[in-house]
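Any read-out appearing in this document is the output of simple, stated calculations on the displayed coordinates, not a laboratory observation. Keep in mind the model is a prediction, meaning the values are calculated, not measured. Glycine also receives a Cβ, built like all others from the backbone with ideal geometry; neighbour counts cover every protein chain displayed.
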Amino acid sequence: MTERVLALQGVHNFRDCGGYAVRGGGRLKRGLLWRSGQHHGATDPDLAAIAGLGLDSVFDLRSSKERRSHPCRRPQDFEAQVFLSDDPVRAQAPHVAAARTARQRTPESTRESLLRNYSGICFRPELQAMMRGWFTRLAEGSGPSLIHCMAGKDRTGIAVAMLHLAAGVHRDDVMEDYLLTNTAGDSEARVASGGETIRDIVGEMDDAVVRVLMAVEPEYLEIAFTVVEERHGTLDAYLEEVLGADAAMRETLRAVLVEG
């Protein structure tokens with residue numbers, strides 16, 4: 001896991017989500033698929049490291065309110081094309097929405113709120129649109145891409161999971177990559193940074209609640225998958241019907257993303 005993580009000071013959960021084996025043979029290329037949290041706190045050395053990745057595109061899944069309150073720092077003369085998400089109709093980042101809706105904000109009630117939010121996360125139109133755009137950009141084979149949101153764990157986690165499934169990554173490995181959020185890099189610094197952002201938006205809360213909000217659990221991704229399967233029959237059907245990842249698109253993605 002350590003070799004996946006780009007060790008930065010002010011950007012958390014920055015990691016390579018390639019390298020996984022895919023059905024039919026081969027592995028996702030390394031250095032091509034990156035994911036992270038927001039870049040508001042990026043230091044100058046962080047920006048130099050990011051510039052060295054040669055990114056072609058950045059997909060920022062945050063809302064305009066999130067972008068205004070915590071604008072991302074980008075490297076000087078940054079040439080990657082940055083794609084911005086449309087605003088959701090009413091939903092916040094899943095962990096921020098959970099912080100708002102948990103009436104007593106206990107760890108238990110917060111976890112229940114996250115589970116509810118995950119039951120609908122795959123049906124957020126603005127996230128669906130960004131996933132379709134990301135898939136299309138990757139299929140063009142134009143170079144390394146980064147996808148991120150506020151914490152790099154919920155919206156980003158769903159997007160990466162769907163890409164992994166479209167490329168043929170085993171479901172166990174999809175879950176493994178999702179759960180790496182909990183241990184990637186300096187987890188204490190990540191929780192502290194996320195807590196600061198959340199408190200800026202919703203006010204004070206206990207550290208124990210912040211830790212729940214900044215963590216991921218297998219049940220979150222599983223409930224998202226379960227609801228997708230209930231509505232579409234299979235995850236493959238969702239990929240095709242909602243995200244445009246039909247057989248032709250998936251073959252193109254494999255041709256671009258898989259080696260060996």
Low-density loop cleavage sites - GluC sites (Glu not before Pro) in the range 98-187, where at most 10 other Cβ are within 10 Å (DSSP): none
With at most 16 neighbouring Cβ atoms within 10 Å, loop trypsin sites (Lys or Arg not before Pro) (DSSP) excluded, longest segment of the chain: 104-260
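Restricting to DSSP loop positions (anything but H, G, I, E, B) with no more than 14 other Cβ atoms inside 10 Å of their own Cβ, which GluC sites (Glu not before Pro) remain in the range 194-260?
Details: sites: E196, E204, E219, E222, E229, E230, E240, E241, E251, E259; in loops: E204.
In loop regions of the range 194-260 (DSSP not H, G, I, E or B), the sparsely surrounded GluC sites (Glu not before Pro) are E204.
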Under-5 Å amide H pairs with G10, H placed in peptide plane, nonlocal only: T43
Burial ordering of D177, D236, D44, fewest other beta-carbon atoms within 10 Å first: D44, D236, D177
Formal net charge of residues neighbouring L146 (Cβ-Cβ distance under 12 Å; K, R +1; D, E -1): +1
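When the chain is fully extended, how far beyond the present Cα-Cα distance does K29 get from T106, taking 0.36 nm per residue of separation? Don't skip to the answer; put the middle values down first.
Working: separation 77, 0.36 × 77 = 27.72 nm, distance 4.13 nm.
Length difference between fully extended and current span is 23.6 nm.
May I ask you to compute the full-extension gain from A255 to T183, defined as 0.36 nm times their residue separation minus their alpha-carbon distance, rounded to one decimal in nm?
Values: separation 72, 0.36 × 72 = 25.92 nm, distance 3.10 nm.
Extending this stretch completely gives an extra 22.8 nm.
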